[in-house]
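Heads up, the thing below is written out as structure tokens.
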Amino acid sequence: MAENHHVSYTENLMKYMKLDQKGSAMAEYVWIDAVGGVRSKSRTITSVPKEGFKPEDLPVWNFDGSSTNQAPGDNSDVYLKPVAVFPDPFRGVPNIIVLSETWNADGTPNKYNHRHECAKLMETHAAHIPWFGLEQEYTLFDMDDRPYGWPKAGYPAPQGPYYCGVGAGKVVCRDIVEAHYKACLYTGIKISGTNAEVMPAQWEFQVGPCDGIEMGDHLWMARFLLHRVAEEFGVKVSLEPKPIPGDWNGAGLHSNFSTKEMRVEGGMKHIEAAIKKLEGRHKEHIAVYGEGNEQRLTGRHETGSIEKFTYGVADRGSSIRIPRETAAKGYGYFEDRRPASNADPYQITGIIMETIFGAAK
Ligand code: ADP
Ligand code: MN
Ligand code: MN
């Protein structure tokens, strides 16, 4: 399958990447678009950022929102407000990546800016020190829109050998996974691991534990890095929750959660109280847990049914799983297994806070 790998492109590029930048830095502004994708564009900043500078020190920028379905053509400017800055693993020092919120010209957050509301919830309830850990599953596709390495006609052998698989015929594109892992570590993303998933060409990486708004920021950056790395290898990243119908596992975004009260002795009663509250707002959660999630949450393939809220210890067929270790110790964290791979982490983490602790002030 090496024919899709555009390695020579990178080799030619290297001699230019080494050229001196004469004191300027490149800033890649990244934002979230109308369909859960990422977009980015570059600008030169003439003074190289110094240690300890803040996102607010960077210029607010804008883009043509009519080209991304984020604004009407007759009032198309959408503003990019820097909110988090990372070192750029593609261009190296002194270049940076600037994660930005999208704002309309009238001073309201853009329809697809879910970070703004999430940040308010995190600030309101910061005293609980909420930790999140998200497990991002994804599927790699070739340029013919076939899962990478799948036979040109028909299907691979049934699921079984692929999860955490090692060896040819079991996993593909480990080079992309490794490059992405390194890129995340370089940028300071709190990536906590990776593994091959149940369906061939499906992988997972985990980010966390992250405190509050950092969860959404780090997961979106990790997604950006993954799309960008895979682009260099000529491979597409899909966050579809059920990329292949039938007896093939879907893709989720399991969301692990704890507060400072849950993480200490006696924590289980806080975990149980939180789960009760989640039960009362199942529909509201499902509404923001990803498009097409009904194809995935069938009650089969390690999922709970979308119709019904359930929870249990070590139960991978329920909505909420209490890990065995948490149950044994009597404190720890729980896992919300409902979110789909394409959900917005700002919406997931935001509604978890809202349901458990109430609206933002
Ligand atoms: P699974 O057993 O469901 O596959 P993973 O090991 O893939 O779990 O992911 C577990 C996630 O939970 C990681 O991202 C980790 O950072 C996160 N996590 C661990 N402890 C906590 C905690 N106390 N609160 C919130 N998240 C946690
Ligand atoms: Mn996992
Ligand atoms: Mn999980």
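The values are calculated or read from the model by the stated rules, or taken from the named source; none is laboratory data. No experiment lies behind these values; they were computed from the predicted model shown. Reconstructed Cβ throughout: ideal geometry from the backbone, glycine too, with neighbour counts over all protein chains shown. Calculation scope for accessible area: heavy atoms of the full protein, side chains included, ligands and nucleic acids excluded. Shrake-Rupley method; radii C 1.70, N 1.55, O 1.52, S 1.80 Å.
Can you tell me how much longer the chain between Thr310 and Lys276 gets when fully stretched, taken as 0.36 nm per residue apart minus their C-alpha distance, in nm with one decimal?
On the way: separation 34, 0.36 × 34 = 12.24 nm, distance 1.03 nm.
Difference between extended and current length: 11.2 nm.
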Whole-number percent relative contact order across region 202-361, with pairs defined as alpha carbons under 8 Å at least 6 apart | 28
Obtain the nm distance between the two label points defined at Val264 and Gln295 by a simple spin-label model: each point lies 7 Å from its Cα along the Cα-to-C-beta direction.
-> 4.7
Search the structure for amide H atoms under 5 Å from the amide H of Asp315, placed 1.01 Å from N in the peptide plane, and list their residues when 5 or more places away or on another chain.
-> Ile322
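Mean Kyte-Doolittle hydropathy of -0.5 or higher plus an axial Cα length of 24 Å or more: which whole DSSP H helices in the chain meet both?
Details: long enough: 214-232 (27 Å, -0.26).
Helices passing the filter in the chain: 214-232.
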So how much slack lies between Ala127 and Arg324, counting 0.36 nm per residue of separation and subtracting their Cα-Cα distance, in nm?
-> 68.2 nm
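In whole percent, what relative contact order does region 92-160 give with Cα contacts below 8 Å and a gap of six or more residues? Walk me through the numbers on the way to the answer.
On the way: 20 pairs, mean separation 8.4, N = 69.
Worked out over region 92-160, it gives 12 percent.
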Estimated D of region 79-237 in µm² per second, where Rh is the Kirkwood radius over Cα pairs and Stokes-Einstein applies at 25 °C, 0.890 mPa s | 141
Please report the relative contact order for region 162-260, taking Cα pairs under 8 Å with a sequence separation of at least 6, and give it as a percent rounded to a whole number.
-> 22
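Sort 58-67, 345-354 by packing, meaning the average of other beta carbons within 10 Å per residue, with the highest value first. Display every interim value, and only then the final one.
Numbers: 58-67: 16.3, 345-354: 24.4.
Output ranking for 58-67, 345-354: 345-354, 58-67.
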Share antiparallel - DSSP beta bridges, the chain, percent rounded to 5 | 90
Hz values of 3J(HN,Hα) by residue in region 106-113 - Karplus curve (6.51, -1.76, 1.60), Gly and Pro given as x | 7, x, 9, x, 4, 3, 9, 8
Once the dipole of region 188-293 is set up from charges on Cβ (+1 Lys and Arg, -1 Asp and Glu), the residue from the list Gln202, Gly292, Ala222 lying farthest towards its positive end is Gly292
Solvent-accessible area per residue for region 1-110 (1.4 angstrom probe, square angstrom) = 58
Can you give the FRET efficiency for Arg146 and Asp175, using 1/(1 + (r/R0)^6), R0 = 30 Å, r = Cβ-Cβ distance, to the nearest 0.05?
-> 0.95
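Report the extension gain between Tyr186 and Glu302 in nm, rounded to one decimal, defined as 0.36 nm multiplied by the number of residues separating them, less their alpha carbon distance. Numbers along the way, then the final one.
Working: separation 116, 0.36 × 116 = 41.76 nm, distance 3.31 nm.
Value of the extension gain: 38.4 nm.
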Plugging the Cβ-Cβ distance of Asp211 and Lys111 into 1/(1 + (r/R0)^6) at R0 = 35 Å yields, to the nearest 0.05, a FRET efficiency of 0.80
For Thr310, what accessible area in Å² do you get when you roll a 1.4 Å probe over the heavy atoms of the protein chains, rounding to the nearest 10?
-> 40
Rounded to whole Hz and in sequence order, give me ³J(HN,Hα) for region 233-240 from the Karplus expression 6.51 cos²θ - 1.76 cosθ + 1.60, θ = phi - 60°, writing x for Gly and Pro.
-> 9, x, 10, 9, 9, 10, 9, 4
If you place +1 on the Cβ of every Lys and Arg, -1 on the Cβ of every Asp and Glu, and leave all else neutral, what size is the dipole of the chain about its Cα centre, to the nearest 20 Debye?
-> 520
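According to the square roots a ≥ b ≥ c of the eigenvalues of the Cα gyration tensor, what is the shape class of region 207-304, taking rounded for a/c under 1.5, prolate for a/b larger than b/c otherwise, and oblate for the remainder? Walk me through the intermediate numbers first.
Details: a/c = 2.59, a/b = 1.38, b/c = 1.87.
It is oblate, given that a/c is not under 1.5 and a/b is not larger than b/c.
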For the chain, what is the mean residue ellipticity at 222 nm derived from helices alone (per DSSP H run of n ≥ 4: -39500 (n - 2.57); sum divided by total residues; nearest 500 deg cm²/dmol)?
-> -8000 deg cm²/dmol
Vicinal HN-Hα couplings computed from phi for region 299-309 (Karplus, 6.51 cos²θ - 1.76 cosθ + 1.60; Hz; Gly/Pro x) = x, 10, 6, 6, 10, x, 6, 5, 6, 9, 8
Restricted to pairs 8 or more residues apart or on different chains, the lysines in region 215-361 with C-alpha atoms under 29 Å apart form a number of pairs equal to 25
With no solvent and one point per C-alpha, what does the Debye sum give as log10 I(q)/I(0) for the chain at q = 0.10, 0.15 Å⁻¹?
-> -0.66, -1.41
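Please report, as a whole percent, how much of the solvent-accessible surface of the chain comes from carbon and sulfur atoms (probe radius 1.4 Å). Mind dumping the intermediate values first?
Details: 8980 of 16950 Å².
Answer for the chain: carbon and sulfur cover 53 percent of the accessible area.
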If N is the residue count of region 14-104, its Cα Rg over 2.2 N^0.38 Å rounds to 1.17
Taking amide H positions as placed 1.01 Å from N in the peptide plane, with prolines and chain starts having none, which residues 5 or more places from Ser305, or on another chain, fall under 5 Å of its amide H?
-> Gly299
